[in-house]
Every structure is written in C-alpha cells, then in structure tokens.
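Take a look at the structure below.
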C-alpha cells in the first residue's frame, strides 16, 4: 500500500528496521572511485515533474563530485528509449508502461533504435499519479458521463499517455473512434486544450507544472476517480498495466484524495553500464538525499525507501547489478526479489533476442526497420508469433510469481 508522500512513500516496518541495521562498510570507497568527466540525463519535457527533479539533484551532484551533468529533455517516450540505447544519455526516465510497450515494440518503439533493448533500473525517481482531468465547470463527473459527443485530448508522443486515454474511454464503454478526438503535438498542449475549452478531458499527471498552472486558472480543474467497481474496469486495466491504484496524496489541491493509478518512475541505464558507476551513483543519491530533497516539491520521493517500496509491490523492470549490490550492502535484498529479477530478465531477453533476429532477417529481406512502417510491423509480428510470444509483455509479467 502506498502511503502519504509528504515524507516519501514508506515501506513496511520490517524493511525499515532492516535498513536501520544496514552494514556500514563498503567494498569500494567513493573517494577512490574515478567519476567520468560528464554524463547526460534524459528526461521528459521542461515543465514535467521528472525534468524538474533532474534539475534539482544534478547540480548538487556536480558540486560534490565535479562531474558535469547535462539534463536533456525530450518530447516523446520513444526518444527517451532511443537516446539511451544510442548512448546520447547515460540515464533515462522510464516507467513500467514505457518498458512494457518497448518490449512489445508498440507504435514508435517498432524501430531499430527504440525497440526492445537491455536496460535496467538504477534508481527511483517519483511515484507519480496519472489521471483524467476536466475543467472545474465541466458537466463530466464520472466516466459514465463520457459520450460520443465528448471531445478528448490525444497526445501520441508516448504510448502510455495515448493508452491511458484509451483506458479511460474503455471505462465508459467507448473507443477513440467513437469520440471527438483533439490531437495535440506536445505534452503541455495535452493539458492546455482542456483549460482553453477546446477539449473536455485529458490524461495527464497532477505532478506536472502544467497541472499546477491549470489548477490555478479561473475555472479550476477536477479529476475523475477510478472505481474498481466499474463494470468496465477489467477493460480499463488491460490497457492500463503497470500501475498501482491508490488515493493521491501529492499534487495540486484538486487532485488530493482522488483515487488514481500511480506509476513507479525510475531512471534506467544500459545493462552493460559500469556496475561501479551505478553503485557509486546510487550510494551518492541515497546518502545525499537531504541536499536536494527540498530543491523540488516532489524530490522527497527520490529515495531508497521508494526503491524498496517498488520491490515490495513486485518490481516490473529488472534492476542493474550495481543497484542490487547497494541493496545487498544495506541488507535490503531478498530472495523473493532475486526470483522476480530472474523472471523479468528471462522475459526481456526473449523479446530482445527475437527483435534482434527479426532486424537481421528484415535486413536480408530489404525491409526498412528505421520507422514503424506496416510491412516491418507485420514482419515483426510474425517473428514474435514464431518465437512463441503470444501475449503482451505486461500479461507475461503479471503471471510471474
């Protein structure tokens, strides 16, 4: 169960006791480690909570270590994956739904550089609520108020946002073909069209700067509560996988107390990233949290407590060995976590190997793989089927013990 985040999302009392008894010694001292001269951190756009968080911690890290860290905002989830796999960034922001869609090679992830790749969690960023926002003077109170005449904001730059909106429509028994779609070209516009009255509803995060601005507009905003008793909830959850449903305790006043899906948002690195670099960066983030947790309103959530909360909830992406090493050192790693880690890696490796083999075969067949064109998508779908991959990645993860 996620708890009040004014002091961070807390883990069970037993885990906290274990943390208090953690070993103090390390096999490598930070003072002995030679940091790189610089590295880049890839985030969503300026104005998003994760960009603000990166801007909060990276200057403190640079001041302590002398490492130049550049924050690189991107406009799409596809670019965040691509910039990590092509070495334009050393860390990149993911949430579980991003990772699931990448493993499925969905939409913009069906490309040579953004498709399934071996990346791992390095640390927790935020536990972010995602919900359905309407204007304060809207007649829409529940999902049942959504009709074919409803105008709906659609942003396709990240699959989890477009799928989130499709999931909301599913709660009303609708599809995107049955409503008035208002397509926007960016994440900020996804909220602004509702504030300006050009769309009735959008799917966005209360933590984003755009939501705080919308909350302060003369008409205000409201958020629809997600009810598990809704007869269409199963259809909703099928489209909206990788989230934890709970009451919102952070964000603008309009969002507080509203039941929304929450995503554990993490930074990823490539699997072949230097384990010592990962270990030392995780150690710095944990030991120096006090230096940046007041620099951004939600930076309190970037904590080791929330890494453990992620594990306790059943982690949805594999962790990097450098992070696991630090958790073991703090006496926080459990056999159950290792079992799940092994299961996640087996699923991911099958996707990655199948995708790479399909890329090679497509090259021989003269099929273009640098964009998600119809011919390549059909070829890839056949490759997955021939490899015995018949379920979505989220469904396979849900079946792990």
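Rule-based calculations on the coordinates, nothing more; no lab input. Just so it is clear, the structure is predicted and the values come from calculations on it, not from any experiment. As a convention, Cβ positions derive from the backbone with ideal geometry for all residues, glycine included, and neighbour counts pool all protein chains shown.
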Inset, instruction - Express the relative contact order of the stretch 44-139 as a whole percentage, based on alpha carbon pairs under 8 Å and six or more residues apart in sequence. - result: 22
Legend entry - Pairwise centroid distance, computed over Cα atoms, of the stretch 65-124 with the stretch 326-401, Å: 15
Legend entry - Descending principal axes extents, the stretch 235-394, alpha-carbon based, whole Å: 55, 42, 30
Inset, instruction - Express the relative contact order of the stretch 122-273 as a whole percentage, based on alpha carbon pairs under 8 Å and six or more residues apart in sequence. - result: 36
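Between residue 398 and residue 32, what's the calculated FRET efficiency when r is the beta-carbon distance and R0 is 51 Å? Round to 0.05.
Working: r = 43 Å, r/R0 = 0.84.
The formula returns an efficiency of 0.75 here.
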Legend entry - Average Cα contact separation per residue, the chain, under 8 Å, 6 or more apart, as relative contact order %: 24
Legend entry - Likely footprinting exposure, 315, 268, fewest C-beta neighbours within 10 Å first: 315, 268
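For residue 386 and residue 142, calculate 0.36 nm times their separation in residues minus their Cα-Cα distance, and state this gained length in nm to one decimal.
Details: separation 244, 0.36 × 244 = 87.84 nm, distance 4.28 nm.
Gain in length upon complete extension: 83.6 nm.
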Inset, instruction - Can you figure out the FRET efficiency of residue 361 with residue 312, using R₀ = 30 Å and their beta-carbon distance, to the nearest 0.05? - result: 0.15
Inset, instruction - Could you please rank 198, 120, 135, placing first whichever residue has the fewest other Cβ atoms within 10 Å of its Cβ? - result: 198, 135, 120
Inset, instruction - First measure r as the distance between the Cβ atoms of residue 353 and residue 328, then evaluate 1/(1 + (r/R0)^6) with R0 = 35 Å and state the FRET efficiency to the nearest 0.05. - result: 0.80
Legend entry - Inter-label distance for residue 338 and residue 235, nm, one decimal - labels placed 7 Å from Cα along Cα-to-Cβ: 4.5
Legend entry - Likely footprinting exposure, 369, 65, fewest C-beta neighbours within 10 Å first: 65, 369
Inset, instruction - Could you check the simple spin-label distance between residue 271 and residue 375, using points 7 Å along Cα→Cβ, in nm with one decimal? - result: 3.1
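As a test of the formula, what do you get for the chain when each DSSP H run with n ≥ 4 contributes -39,500 (n - 2.57) and the sum is divided by the residue count, at 222 nm and rounded to the nearest 500 deg cm²/dmol?
-12500 deg cm²/dmol
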Legend entry - Choice from 37, 70, 270 showing the highest fluctuation, given a GNM over the chain with Cα pairs closer than 10 Å: 37
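To the nearest whole percent, what portion of all C-alpha pairs in the stretch 133-173 is separated by more than 15 angstrom?
Working: 357 of 820 pairs.
I get 44 percent for the Cα pairs in the stretch 133-173 exceeding 15 Å.
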Inset, instruction - Would you please state the base-10 log of I(q)/I(0) at q = 0.15, 0.17 1/Å for the stretch 129-242, with intensities from the Debye formula using one equal scatterer on every alpha carbon? - result: -0.56, -0.74
Legend entry - Highest-MSF residue in the chain out of 151, 254, 62 [GNM, Cα springs under 10 Å]: 62
Legend entry - Longest to shortest principal axis, alpha-carbon extents of the stretch 317-373, angstrom: 52, 17, 16
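Between residue 113 and residue 86, what length comes free when the chain is fully extended (0.36 nm per residue of separation minus the Cα-Cα distance, one decimal in nm)?
On the way: separation 27, 0.36 × 27 = 9.72 nm, distance 0.70 nm.
Extra length from residue 113 to residue 86 when fully extended: 9.0 nm.
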Legend entry - Fraction of antiparallel bridges per DSSP, the chain only, in percent to nearest 5: 60
Inset, instruction - Choose one answer from 138, 205, 97: the residue with the largest mean-square fluctuation in a GNM of the chain with alpha-carbon springs under 10 Å. - result: 138
